[in-house]
Amino acid sequence: MRLFASILTAMASSFAVCRLHMRGRVGLLKSLQKPDTFLQRSIGTDIVAAQAEAPPRDRSDEKDGYKFLHALQVERQEQAERSVLINCHSRTNEKKFLKYLSKHGDIKKYFFYESYGLYAVVEFAKREDVASLLERAVIPNVNHESMVPFKSRLLSLRNLSLVDLSNQQSGLQCHPQTTIPINEFIKRLSKEESIDQQMTSLTEAYQLTEENSRLRFLVCSLLKDIAAAYFPECTIKPFGSSVNGFGKLGCDLDMFLDLDGISGRNVKMPKSGLSLEYQMKRANSERAVTQSILSVIGECVDQFGPGCVGVQKILNARCPLVRFAHQPSGFQCDLTANNRVAMKSTELLYLYGELDPRVRSLVFTVRCWARAHGVTSSIPGAWISNFSLTVMVLFFLQKRSIPIIPTLDHLRDLAGPADKSVIEGNDCTFVSDFSKIQLKSNTETLEQLLCEFFEFYATFPFSRMSLNIRKGKEQNKPEVAPLHIQNPFETSLNVSKNVNATQLDRFVALCQESSWLLQQGETNIPRGGASMTAAWGLATLLLPSQVAGIKSRKKRKLEPASERIKGLLESLKNKNQPKTS
Ligand code: CTP
Ligand code: MG
């Protein structure tokens, strides 16, 4: 992990922006780079909510407003350390609440949200402010025998004078942490004027918000406080879709317990003189160490972690983890340890998403389309995972006649000495200096790409070939599996090993159907006149399909137009007929 950090620092310092960055990035910009709202404490009296200038920031890791993932993570982690999470009464008086809290220090940012009650995330200017606030907090006055006196930064507001009983409506503005259901969003999509706009609008509506991103880092920070009981210098970092730029509101929170930052590691013993070293227990293997660490921390989270429920220790999985629900945030959490390769793939996905704004929009659209049709699911099973789907989109973009993104091998060839990274024997090296990446001038629109994506996978020879984003080429399958997608770093592994033939068949059938639909002129013309309510374009693709019952791909090929499509087109035609009455 130290290597990871040093590489990323090197990346940050040499970071330069390729020209396509300027085309309007929508992803993390929204979730990670909004200017902060500052609350200024006037001397001893009222609090005034004000949009203030952010203090000067160290911009060595930014260029033209773009920050590198590592820098973003460090900033969010640091904010999280200065934040508390407070369960409030639904009619809390916001002004009194802030005035009360600001006795402990300046509040830099706060927001409210609802999840099994009303919560406030409050970021103070200094860590000492949080310490002061915690010093004044009390342990609930109930039967002490049945309460574990565990102190954390998850608190409850108990002073009734802060509750505005005269006011039936709290008037507090809550930031939504979930998305509107896709069937409701379809109506909104139908009002857009082009499929490109529909895809952009879908991405903007479903991507993580700045507040949601802050909450994710805060949950990691709260968890770190628990793990710190055993490992005082540990950190817990989010990875996967929480930070790779492809996360949808409501996605799980993948966390990685990082012990590499513990001081005294990798320090050379002096050649002469006296020195001391820690005595430690040995285990049989690295895996055994990971399992025992997760086992005790999982137990601690289960027994003492406020708000952590349904804790499951899944220690025999290929990647051991502790799974639980964090009720106050509403996040489904997966805590892992020693998972540095996954951190690298997170970094790689983030890089690809940054190279061209079409990458993120296409990934988002395909992810939402897949979810709407039950191709993916939040429950583990034989379905295609979002990670596999993302790799499929990346592979498709590498395969365009003018490739939109480079292969991983090319990114490795561009890497400098500081980028070198080998984790457990796997070559995880790729370029960190974005300015070295020359993109080809592909001008395809999002609509063309979406259409071609479905066409591509409707006819892909899955039975023989494997997808390989390292080479940007399909290759003969090395093993029998319905869907074979080579893991970009652990190249002997299949990312989609879990997928069964039925699920792959459904995916292919849906690609055929969507490709066919997009080729029909009727689907692609905005319709509905003034009201603009009739589904068209992307909205049509998100409507329920008939494909669910399809048994085999062969059968599907014989009947490309399902009854649903016929019915749909019929209804579109009818809507276009001039009214006779
Ligand atoms: N990962 C991996 N190999 C896999 C599965 C996952 O390397 N076979 C890594 C990827 O970096 C992935 C992360 O673990 O992004 C988290 O996995 P998962 O939660 O399944 O995927 P997400 O990308 O987070 O997508 P989702 O929004 O569905 O959680
Ligand atoms: Mg995830």
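The values are calculated or read from the model by the stated rules, or taken from the named source; none is laboratory data. Quantities reported herein were computed from a predicted structural model and do not represent experimental measurements. For the accessible areas, the whole protein counts, side chains as well, though only heavy atoms, and no ligand, DNA or RNA atoms are used. Shrake-Rupley method; radii C 1.70, N 1.55, O 1.52, S 1.80 Å.
Quick notes
- Accessible surface calculations at 1.4 Å, restricted to protein heavy atoms, place region 237-333 at 57 Å² per residue.
- For region 394-503, the solvent-accessible area of protein heavy atoms averages 44 Å² per residue (probe radius 1.4 Å; ligands and nucleic acids excluded).
- Using a probe of 1.4 Å, the accessible surface attributed to Phe231 totals some 50 Å² when neighbouring protein chains are kept in position.
- Tail fraction, Cα-Cα pairs, region 186-288, threshold 24 Å, whole percent: 51 percent
- Share of carbon and sulfur in the accessible heavy-atom surface of region 247-315 [1.4 Å probe, %]: 52 percent
- Projected-area average for region 227-386 over all orientations - Cα convex hull basis, square nanometres: 12.5 nm²
- Only protein heavy atoms count here; on that basis, with a 1.4 Å probe, Ile107 has an accessible area of about 10 Å².
- Probe 1.4 Å - accessible area at Lys96, Å² to nearest ten: 100 Å²
- With the convex hull drawn over the C-alpha atoms of region 395-537, the volume per residue is 159 Å³.
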